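The values are calculated or read from the model by the stated rules, or taken from the named source; none is laboratory data. This one's a predicted model, so the numbers in the text were calculated from it and none came from an experiment. Methodologically, a virtual Cβ is constructed for each residue, glycine included, from the backbone with ideal geometry; neighbour enumeration extends over all protein chains shown.
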Amino acid sequence: MYRKVPQFVETHLEEIIDNWKQRMKDEHGEKFFHIMPEEVIERTSRDFADLVVSSLTEETGLYEEKLHNFSERIVRLGWSITLVMKAIENFSDTLYDLLRKAEILDDSNVAEYFDILNNWIKPLRQEVVEMYAHTWERTVNLQKIALQELSASLIPVFDKISVMPLVGTIDTERAKLIMENLLEGVVRHRAEVVLLDITGVPVVDTMVAHHIIQAADAVRLVGARCMLVGIRPEIAQTIVALGISLEDFTTTSTLQRGMQEALALTNRKIVEVDEH
Amino acid sequence: MGYRSSVDIHTEWDIVAARQLGRNEAKKVGFGTVDQARITTAISELARNIYLYAGAGKIEIERLNENDLFGIAIIASDEGPGIPDVRKVMEDGYSTSGGLGAGMPGVKRLMDDFRVDTEKGKGTKITAVKWLR
């Protein structure tokens, strides 16, 4: 049995692959073959069959290496995990049907066959799932870092005036980051006025407001003033409805007007230069 | 009963998902930007309460159509500890978590109808409705 199955796979490779393709087509329609170029499918299914053979014939070490490479390549192709799992299942079903038809399998040795099947299909599934999970974790982590880099940067615009543009959703983690960067930046740039621009914040609920108020209080403690700018009309209305008091703040609708006020606060203004 | 969809709340990011769903549904009903902001803010408050106090629960959004009146209902339900004193929670400035204490009374002001069903140890269900004018 342990010799017959791989032998059968090797000699009937074309038939297995054809039947398997047909099965995939029946279940998923033509779209499965539209997403994937013919040659990729051809090569992948051949590699897969080769893997099955080697799982039954070669030493464990070599097989594991092959398995690892195979799943790594599959994941890199970017197919959905559901599809890959289905493909594996269909492959083993196809193989089972053909072995039955060739009368290599009968009721007496079917248990043995499932034993073999378990030995190669289990590690294969596990490896593929692990590889996917690993790739996703990596992607999420990288995106988290990318998001953090975008999160909250304090930009010194003029002497004594800095701006922190906030874009996107503010969660607890980001709120912390905003506070840290704000305070550190104020001290480093010797800012006297900081403009917090919330034009890009989609929703200002009580938690976001709370974080903003706390940040402004902290800024005051290090000897600077915090202005809230970029308050869109609909945000102004929800803030009022929520009953949040921003009386301690200077607030303006746009960054531009905030900047003018900040300049006034530091005894400066923008003048047009007369060339004549 | 109108069309209903829901988001499970387990993490902070689910709050964003609930908000997004609410905004899309509000758009479909025909609310303007100001009311969209009100509805999404209300969802944000209710979802955050679930996340903070109950740990898990769900936000359901239902499009309403009663006697030529169109509207949207937010149903926030959880199986958390319940609210011990609803009257106190509805007071401005009352908070057990060091927040602003504006969430619950704020939601009431943001929406048209507001209803709290809560039982100690069993959970809380809050229904808030906004009508299209």
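If you take the residues of region A:252-276 that are of a type in the set (A, V, I, L, M) and part of a helix (DSSP H, G or I), which of them is nearest to the chain's Cα centre (by Cα)? Walk me through how you get there before you give the answer.
Residues of region A:252-276 of a type in the set (A, V, I, L, M): A:255, A:259, A:262-265, A:270-271, A:273.
Remaining after also requiring part of a helix (DSSP H, G or I): A:255, A:259, A:262-265.
Details: A:LEU255: 32, A:MET259: 37, A:ALA262: 39, A:LEU263: 42, A:ALA264: 44, A:LEU265: 44 Å.
Step by step, filter region A:252-276, then rank; the result is A:LEU255.
So in region A:233-251, with the set limited to residues that are part of a loop (DSSP other than H, G, I, E, B) and touching a strand residue (DSSP E or B) at 6+ places or on another chain (Cβ under 7 Å), which one is nearest to the other protein chains (Cβ to nearest Cβ)? Don't jump to the end; show me each part of the working.
To start, the set of residues in region A:233-251 that are part of a loop (DSSP other than H, G, I, E, B) comprises A:243-249.
Right, trim to touching a strand residue (DSSP E or B) at 6+ places or on another chain (Cβ under 7 Å) and you get A:246, A:249.
Numbers: A:LEU246: 11, A:PHE249: 14 Å.
By that ranking, first place goes to A:LEU246.
What are the residues in region B:1-52 that are farther than 22 Å from B:GLY106 by Cβ and among the hydroxyl-bearing types (Ser, Thr, Tyr), if any?
B:TYR3, B:SER5, B:SER6, B:THR11
Testing B:VAL16 on (1) hydrophobic (A, V, I, L, M, F, W, C); (2) in contact with a strand residue (DSSP E or B) (Cβ under 7 Å, 6 or more places away or on another chain); (3) within 12 Å of another protein chain (Cβ to nearest Cβ), one condition comes back false. Which one is that?
Evaluating B:VAL16 over (1) hydrophobic (A, V, I, L, M, F, W, C); (2) in contact with a strand residue (DSSP E or B) (Cβ under 7 Å, 6 or more places away or on another chain); (3) within 12 Å of another protein chain (Cβ to nearest Cβ) leaves (2) as the failure.
Return the residues of region B:62-112 that are in contact (Cβ under 8 Å) with a residue 24 or more places away in the chain, of a type in the set (D, E, K, R) and within 14 Å of chain A (Cβ to nearest Cβ); say none if nothing qualifies.
Hit for region B:62-112 is B:ASP112, nothing else.
Inspect region B:32-42 for any residue being more than 13 Å from chain A (Cβ to nearest Cβ) and either closer than 20 Å to A:LEU242 by Cα or touching a helix residue (DSSP H, G or I) at 6+ places or on another chain (Cβ under 8 Å) (or both) and give the result as yes or no. Can you show your working first?
Within region B:32-42, the subset more than 13 Å from chain A (Cβ to nearest Cβ) is none.
No: zero hits.
Quick one: which of A:ASP248, A:ASP217, A:ASP274 is within 30 Å of B:ASN49 (Cβ to Cβ), at pLDDT below 90, surrounded by fewer than 14 Cβ atoms within 10 Å (Cβ to Cβ) and out of contact with any Ser or Thr (no Cβ under 7 Å at 6 or more places or on another chain)?
After applying the criteria, what remains is A:ASP248.
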